[in-house]
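Q: Mind having a look at this structure? Questions to follow.
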Amino acid sequence: MGMTMSEKILARHAGVPAVSAGDILTCRVDVAVCHDMFFTVAGQIDFERINRIADPDRCVVLLDHAVPAPTAKDALGAVKARAFVKKHGIKNFYDVGEHAVIHQLLVEEGFAAPGRLIAAGDSHTCAAGAMNAAARGFGPAEMVYIWCKGETWYQVSPTILYNLHGSFPSRAVTGKDLFLYIAGVYGDATNMNVEFGGEGVGNMTIPQRQSVATMCAEINAEFAIFPCDSVLREFLEERGDQEVDAVDPDPDAVYYAIRDIDLSSLTPYVALPHYIPNNCCPVADVAGTEVHQVLVGSCSNGRLEDIALVASIVKGKRVARGVRFIVTPASQKIYLEALKAGYLETLVEAGAVVTNATCGACYGGHMGLLGPGERCLSTTTRNFKARMGDAESEVMLCSPATAAASALTGRITDPREFLEG
Amino acid sequence: MKLKGRVWVFGDEINTDLIFPHSAFRVSPEEQVKLVFSDNRPGWSSLVKPGDILIAGKNFGTGSSRPGAVLLRRLGLACMVADSINGLFYRNAISYGFPALQCPGVSKMFEEGDIAEINMLEGTVTNLRTGETRTGNKLSKLMVDILLAGGIEELLIQEGYMD
């Protein structure tokens, strides 16, 4: 019986020839990553009592959620993180100044790579699936378990395959729209893996794949994996990867469901407030809805091509009065590239606020929280009630193009009006 | 692992940010438990009595890696059962020694205040008022072992990885 990409990576890391849905395995983990919230939030696990770590070189620690520290408690968390990496000899530590949102950092620094099994203390870890890796989030207790033992248990989940065909109809439709369409039409994938295939994958950029893979956390996917095609191989070559240990699905792999999507038929999509599965619709259905804040950023959509697209839409125009337009690059590297390319200048001239690279307002941490009665249209990952501030605020999710167009009008606006007209 | 207790009923899509809100990130563990569901059901945390049971709909625990399960446990809840549970929340629940069971249809079985009887090893849920019983997903031996140890931290202490 053939295996899916998820099954092949788990089998390889369990040291067994084959696995199938339902099996419970112990797998060696290649990379185990924690960010500042592991160290800052009280009552999760007493990490200062850890006395040995399996392999410090397979551990990564980084600061991204609250950088530079917005409160003294966050600063204390960073102090503890620095002491921890020193005590345990963890060399892969990324402090303020060399920071990036965790899922962007793993790609930029080469930790996310084909065929790897990756664990991180963050729910959007499935993002690394854009690199043909099997990656998932764990809570703090299990991260400590993995750091101590170098392995943990996995249950093999059934897999849904999305076969993608064609290419996006215009620059106004990107990976985020594909994901919101999938979530809106097919709902959640709780206790399932999601994999992508079909010739349409080759028409998606790496950042578009990162956006989709990241967002699969929102349909409760276990892993979300893209194949290692020529586009990814070219990316890996530029990154300087010496070896590529990719996995391909077997032709006779067994899937829970196979669904076909024609990328050329997609339109700009949004998620309505408070949850995502079966709660999304075309932008056209809610066009004209008033927004008070527009946010572009996060592990879903804070990449250079996102910022470039946004800059091209707002260039020479002004953000609508009464709208706060915040742009948060996903990494220091992206910030610098956007600066050199002139995108940041274009954004600030249009009235945007460009922030430091951080998770920031996405998780309600800092820089751009909402007051009662306010609505934010955001390219970030979650629209949960109260996530970005007051319990009486609303978050709706969209692509960078929809965000930019809406920032200019102050109302939810179909970006095709700006990019196809 | 048989548990019996008074039931609290919650709906679908109860996410981690409602269970463990951001306002609980920078306060003490004692203060954290008071903030559970403060955005969707203010005052609820003070009504919970030790041994109570939480019943919910689909996708319980969707969202973040923050360990909401540990707050539910510290609040005194004996366990939770939902139509479906997010995989990361489920792992967190087991890791923090908080019994959680997936049982499709369970949310329709109960009214708030009913008494539930749950056998975690068999995966059965009974409403003692109506007599209705359903069977959900059984826990694997591995997960039972982690739960019986009291969670991952206890296991690591027993095995000498933590002081």
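The values are calculated or read from the model by the stated rules, or taken from the named source; none is laboratory data. In this text, all values refer to a predicted model and were calculated from it rather than measured experimentally. Ideal geometry is used to build each Cβ from the backbone, glycine not excepted, and the neighbour counts take in all protein chains shown.
Q: What about residue A:322, is it more than 14 Å from every other protein chain (Cβ to nearest Cβ), without any contact (Cβ under 8 Å) to a residue 60 or more places away in the chain and either crowded, with 23+ Cβ neighbours inside 10 Å or more than 26 Å from residue A:103 (Cβ to Cβ) (or both)?
A: Against the criterion (more than 14 Å from every other protein chain (Cβ to nearest Cβ), without any contact (Cβ under 8 Å) to a residue 60 or more places away in the chain and either crowded, with 23+ Cβ neighbours inside 10 Å or more than 26 Å from residue A:103 (Cβ to Cβ) (or both)), residue A:322 does not qualify.
Q: Let me ask something additional. I need the full set of residues from region B:2-40 which are more than 9 Å from chain A (Cβ to nearest Cβ), surrounded by 14 or more Cβ atoms within 10 Å (Cβ to Cβ) and part of a loop (DSSP other than H, G, I, E, B), in order please.
A: Correct list: B:10, B:14, B:35, B:36, B:37.
Q: Which residue, of A:75, A:113, A:83, A:100, is assigned by TED's automatic domain parsing to the domain that holds residue A:47 and either modelled with pLDDT under 95 or closer than 19 Å to residue A:381 by Cβ (or both)?
A: On inspection, the qualifying residue turns out to be A:100.
Q: Within the bounds of region B:100-108, is there any residue that is within 30 Å of residue A:47 (Cβ to Cβ), under 14 Å from the mean Cα position of the chain (by Cα) and buried (at least 23 other Cβ atoms within 10 Å of the Cβ)?
A: yes
Q: Can you find, within region A:60-70, the residue that is surrounded by the fewest Cβ atoms within 10 Å (Cβ to Cβ) among those that are among the β-branched types (Val, Ile, Thr) and touching a residue at least 40 places away in the same chain (Cβ under 8 Å)?
A: A:60
Q: Considering each of A:392, A:374 in turn, give the residue that is within 13 Å of chain B (Cβ to nearest Cβ) and farther than 22 Å from residue A:217 by Cα.
A: Of A:392, A:374, the one residue that is within 13 Å of chain B (Cβ to nearest Cβ) and farther than 22 Å from residue A:217 by Cα is A:392.
Q: Name the residue, out of B:122, B:111, that is of a type outside the set (A, V, I, L, M), touching a residue at least 24 places away in the same chain (Cβ under 8 Å) and surrounded by fewer than 16 Cβ atoms within 10 Å (Cβ to Cβ).
A: B:111
Q: Which one of these is assigned to a loop (DSSP other than H, G, I, E, B) and out of contact with any Ser or Thr (no Cβ under 8 Å at 6 or more places or on another chain): A:348, A:319, A:310?
A: A:319
Q: Related question: Would you pick out the residues in region A:277-305 that are hydroxyl-bearing (Ser, Thr, Tyr) and not in a helix (DSSP H, G or I)?
A: The one that is hydroxyl-bearing (Ser, Thr, Tyr) and not in a helix (DSSP H, G or I): A:289.
Q: Return yes or no: is residue B:51 surrounded by fewer than 17 Cβ atoms within 10 Å (Cβ to Cβ), part of a loop (DSSP other than H, G, I, E, B) and touching a helix residue (DSSP H, G or I) at 6+ places or on another chain (Cβ under 9 Å)?
A: Judged against the criteria, residue B:51 is not a match.
Q: Restricting to region A:168-225, and then to whatever is of a type in the set (Phe, Trp, Tyr) and closer than 24 Å to residue A:247 by Cα, can you tell me which residue is surrounded by the most Cβ atoms within 10 Å (Cβ to Cβ)?
A: The selected residue is A:223.
Q: How do the strands (runs of 3 or more DSSP E) wholly within region A:68-155 filter down when requiring 2 or more residues that are of a type in the set (Ser, Thr, Tyr): which remain?
A: Counting at least 2 such residues, we get A:151-155.
Q: Suppose we keep only residues that are within 14 Å of chain B (Cβ to nearest Cβ) and without any contact (Cβ under 8 Å) to a residue 60 or more places away in the chain within region A:80-106. Which one would you say is surrounded by the fewest Cβ atoms within 10 Å (Cβ to Cβ)?
A: Among those residues, the one meeting the criterion is A:87.
Q: Does any residue in region A:47-59 that is at the interface with chain B (Cβ under 7 Å from one of its Cβ atoms) come within less than 6 Å, Cβ to Cβ, of a residue that is surrounded by fewer than 17 Cβ atoms within 10 Å (Cβ to Cβ) six or more places away or on a different chain, and which pairs are these?
A: Close Cβ pairs (under 6 Å, with a partner that is surrounded by fewer than 17 Cβ atoms within 10 Å (Cβ to Cβ)) amount to A:49/B:163; A:51/B:163.
Q: Could I ask something else about it? When you go through A:183, A:213 one by one, which is the residue that is among the aliphatic types (A, V, I, L, M), away from chain B (no Cβ under 14 Å) and at negative phi?
A: So the residue among A:183, A:213 that is among the aliphatic types (A, V, I, L, M), away from chain B (no Cβ under 14 Å) and at negative phi is A:213.
Q: Tell me which residues, restricted to region B:65-123, are assigned to a loop (DSSP other than H, G, I, E, B) and either among the β-branched types (Val, Ile, Thr) or within 17 Å of residue B:24 (Cβ to Cβ) (or both).
A: Within region B:65-123, B:65, B:66, B:67, B:75, B:76, B:77, B:96, B:98 qualify.
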